[in-house]
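**Q** Pasting in a structure now, in structure tokens, and then I'll have a few things to ask.
Read-outs throughout are calculated quantities, based only on the coordinates presented, and are distinct from any laboratory measurement. Nothing here was measured: the structure is a model prediction, and the numbers come from that model. Counting neighbours? That spans all protein chains shown, and the Cβs are built from the backbone with ideal geometry, glycine included.
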């Protein structure tokens, strides 16, 4: 623990050392330069998280405001990159890199094709409320649960307000982890053009952006403003084989792929074949107890070896503790996947504002059109006696030579196997099929209007209405095949799954595969829409010794609707969800809120808010919020808040149908007979296979609830020095979750009803449907420091924003102890490829020098290390290796940039991201249930390596 702490401190290096020693930072995370002059009136504006006008520099809210200039300094030019930059954002699988490989077909993952989500405090994407100009936008059309931040019109953004506190008392559902409010420019005049490029040194993963904005009319002088903005982003793909750190065959570190689906097929048991079952498999030479039921003839003694075929390697039976797979081969599927998805996104915004006296009428249209191209590893086929009933049979004149080669090699080692001509069952990775491709198109639209103005000298009103929707569909590209056609093609014997080194598939075999192709088939489509209307008034109520008490009251109405349709039942290994069709479900939400401030004395103020939400289907929920601030002297402020929050289940979680699919992994054991949970080949811990994996919705789900608190101190002795430190807490109950297979087994005593059994008491499957269960507790400390001073003929500014995670623990059911999840992917030996990692410490530090013409910046991004995954063989002691890595190293990169604005209305910015070309640290992110993942962690690191950025801004 001491060495880890010293590492954190030492890692700050020169830039962060300056920030710590001489650079206190933004008290409040806001400085006077953050206040939008065009919106402020006596420095009083409505900020995210409140309905009352207030000075943002004197607010009790833990609010961070990020300007576009801050993002330009880091070479950030998309909403997804901005979210990943936030240290308050969790380390979950919410970005394009995390969702680039094989993922489950659960509804929660449908939107992974081209979508990115915010995840404040690591509470989950559905627990972060995303707003655009203070109002909701539609959830992604496929996921139906969270907002895809890629739809945000980045070209028109003026700033991003991040409320790091619960806000259900203000906004209703979803505001558990916090609120991200994208604020667009409001009174833009002239024409602005911008172009940027982010080009990697090692190739692949380049990002380009073009945008333009135009505005006419000044609200103050002309009484109107009309503005339009459009932007287009090109995100180019990055393949796994373009980066050396992608390598699943790292035997010394106990990392290896689990799948036996290899390009040169591995022989497996199947009724009626040369190995009829695992129990009839041949014994390993020299043994009378250890059977071998996965055999690749390349890996038999004296043969070429698995490595003779590109992408293959010997199956590491010791790492996975499966000795009966000793002669199998495996495949590095990570090199076939895109580390970064290809995506092209068009975003646009149009806004018109007219002022009538002191009243303003605004109309706004925003939208996006995104196309994502996801590419991942080639299909592997696994035989069974029903839908995938294929074998390799000896057919004279067609494949007899290949069959005899395989049979002769088998008999030479296992002479007791069946007669020549007996069918051979095999598991095969079909490289000739090409990588799997999914094309996803998503279109969003949001139209709305608002009217606001004064009622009296001290009272204002606002009213607005909007409609927003997100329509998304996914279509198969290459690499997918109709199951029946593929099985028929394999049974012809023309397609050769046993190609020796140097051999290639025959044209006849390739033609057969092409006739089975499912290219162009739609996987699924979905639409999410929301209509909302709101109205409220706010103003001064009565005088108190500390000033005027303010009151804001209002009402909201919202109607949400969701449609989902999956129409594939016959395509092999397609990411379909056809059993979970949801047709036209909807709900109405009627809400009323009130917020009131009490400035007791000039130094002390209390604010109270409450909101009542009434949901069709759930009933009502009431959530209060209390904030307090105490400023004994101008340079010192204490702040605190307490509130409750809630999150309602998504339509998918409620209405998805229940389905059952064949589980082909090797992690399932019977926990009633195997308390160690370490799988073995035989005995009480023997793996259970085959089994059915049950998924689906639960119409009886209830909202999850949360209690949140924040206590902080703000020190600001001068306008160039500030420091804020905040302790925060989020306690959730009745959490909506899907149990992982590891959790089901670990907590079998409480979850035994989720393991169906047959009449003989043998487990036949496991239930992963949605449930209200358990609770979580998260606590942390936020630190924000800023300092500025005159130096070297200009101004130096330095700062640091960091989050230290004190506690992150949960329990899936109330009857079990809490499980610590700070700094580990494997609490108690468990591993989740999709949950939040719970990094102990995260920070961003920067040092900037600027004058009227030039600016230069150096920044550091630090993401703490954590406990690595440890495979079953290491735990069981069968894989004893000196180089096993138990802890993932911290991820530390530096960015630098230089900007020139010496010509009027022109600004040039050039920079280097990942200055020292740091690779992601080694991490075992491989998931043996899906076959996805690799040797690095996309929830933490950027796989692109060093890149060079250039940005040009011109205004007319």
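**Q** So what's the projected area for segment 111-205, the Cα convex hull averaged over all directions, in nm²?
**A** 8.3 nm²
**Q** Let me ask something additional. Assuming R0 = 41 Å, what is the FRET efficiency of residue 587 and residue 226, from their Cβ-Cβ distance, to the nearest 0.05?
**A** Efficiency, from the Cβ-Cβ distance: 0.70.
**Q** Right, next: Bin width 5 Å, origin at 0, all Cα-Cα pairs of segment 443-518: what percent of pairs per bin?
**A** Reading upward from the zero bin: 3, 11, 13, 10, 8, 6, 5, 5, 5, 5, 5, 5, 5, 5, 4, 3, 3, 0.
**Q** Determine the principal axes of the Cα atoms in segment 685-812, then give the extent along each, sorted from largest to smallest and rounded to whole angstroms.
**A** Its Cα atoms span 82, 30, 24 Å along the three principal axes.
**Q** How large is log10 of I(q)/I(0) for segment 277-334 at q = 0.22 Å⁻¹ when the intensity is taken from the Debye formula with one equal scatterer per alpha-carbon?
**A** Each listed q maps to, in turn, -0.87.
**Q** Continuing with the same structure: Let me check I have the definition right: for segment 620-726, take the eigenvalues of the Cα gyration tensor, multiply each by 5, take square roots. What are those semi-axes in whole Å, largest first?
**A** In descending order, the three semi-axes are 52, 23, 12 Å.
**Q** Return the Rg/Rh value of segment 865-908, two decimal places, where both radii are evaluated on C-alpha atoms and Rh is the Kirkwood radius.
**A** In segment 865-908, Rg relative to Rh is 1.57.
**Q** At a 10 Å Cβ-Cβ cut-off, how would you order 517, 262, fewest neighbours first?
**A** 517, 262
**Q** Rg and Dmax of segment 425-571, using alpha carbons, in Å: what are they?
**A** Every Cα atom of segment 425-571 included, Rg and Dmax give 29.8, 91 Å.
**Q** Restricting to Cα pairs below 8 Å that are 6+ residues apart, what does the relative contact order work out to for segment 848-956? Please round to a whole percent.
**A** Computed over segment 848-956, the figure is 26 percent.
**Q** How large are Rg and Dmax for segment 348-476 when only the alpha carbon atoms are used, in Å?
**A** Values for segment 348-476 (Cα only, Rg and Dmax): 32.7, 98 Å.
**Q** Still on this structure, please answer the following. Among 572-582, 587-597, what's the highest-first ranking by average C-beta atoms within 10 angstrom per residue?
**A** Packing proxy ranking, top to bottom: 572-582, 587-597.
**Q** Follow-up question, since we're still on this one. Can you classify segment 596-682 as rounded, prolate or oblate using the Cα gyration tensor, where a ≥ b ≥ c are the square roots of its eigenvalues, rounded means a/c under 1.5, and otherwise it's prolate if a/b beats b/c and oblate if not?
**A** oblate
**Q** Using all Cα-Cα distances in the chain, what percent lands in each 20 angstrom bin from 0 up to the longest?
**A** Each 20 Å bin holds this share of Cα pairs: 13, 44, 31, 10, 1, 0.
**Q** List residues of segment 726-758, by number, whose backbone nitrogen lies under 18 Å from a label position 7 Å along Cα→C-beta of residue 807.
**A** Within reach of a label on residue 807: 726-735.
**Q** Could you work out how far helix 2-11 tilts from the main Cα principal axis of the chain, as a 0 to 90 degree angle to the nearest 10?
**A** The helix 2-11 is inclined about 60 degrees to the chain.
**Q** Next question, about the same structure. When 359, 140, 373 are ordered from fewest to most other Cβ atoms inside 10 Å of their Cβ, what list results?
**A** Fewest-to-most ranking of 359, 140, 373: 359, 373, 140.
**Q** Where Rh denotes the Kirkwood radius from the mean inverse Cα pair distance, what is Rg over Rh for segment 520-579?
**A** Reported Rg/Rh, Kirkwood definition of Rh: 1.51.
**Q** Moving to a separate point now. Ranked highest first by the average count of other Cβ atoms within 10 Å around their residues, in what order do 219-229, 473-483, 281-291 fall?
**A** Averaged packing, sorted descending, gives the order 473-483, 219-229, 281-291.
**Q** Run the numbers on the chain and let me know its relative contact order in percent, using alpha-carbon pairs under 8 Å that are six or more apart.
**A** Rounded, it is 14 percent for the chain.
**Q** Just to be sure I understand: of the beta bridges DSSP finds with both ends in the chain, what percent are antiparallel, rounded to 5?
**A** 95 percent
**Q** Using helices alone, I'd like the mean residue ellipticity at 222 nm for the chain: each DSSP H run of four-plus residues gives -39500 (n - 2.57), total over residue count, nearest 500.
**A** Calculated from helices alone, the mean residue ellipticity at 222 nm is -2500 deg cm²/dmol.
**Q** Measure nothing but the geometry: give the 0 to 90° angle between the long axis through the Cα atoms of 400-413 and the longest principal axis through the Cα atoms of the chain, rounded to 10°.
**A** Helix 400-413 and the main axis of the chain meet at about 80 degrees.
**Q** Further, regarding this structure: Over segment 729-879, what is the relative contact order in percent, taking alpha-carbon pairs closer than 8 angstrom and at least six residues apart?
**A** 19 percent
**Q** What order do you get for 821, 335 when you list them from fewest to most C-beta neighbours inside 10 Å?
**A** The most exposed by this proxy come first: 335, 821.
**Q** How large is Rg over Rh for segment 276-408, taking Rg from the Cα atoms and Rh as the Kirkwood inverse mean of 1/r across Cα pairs?
**A** Dividing the radius of gyration by the Kirkwood radius yields 1.37.
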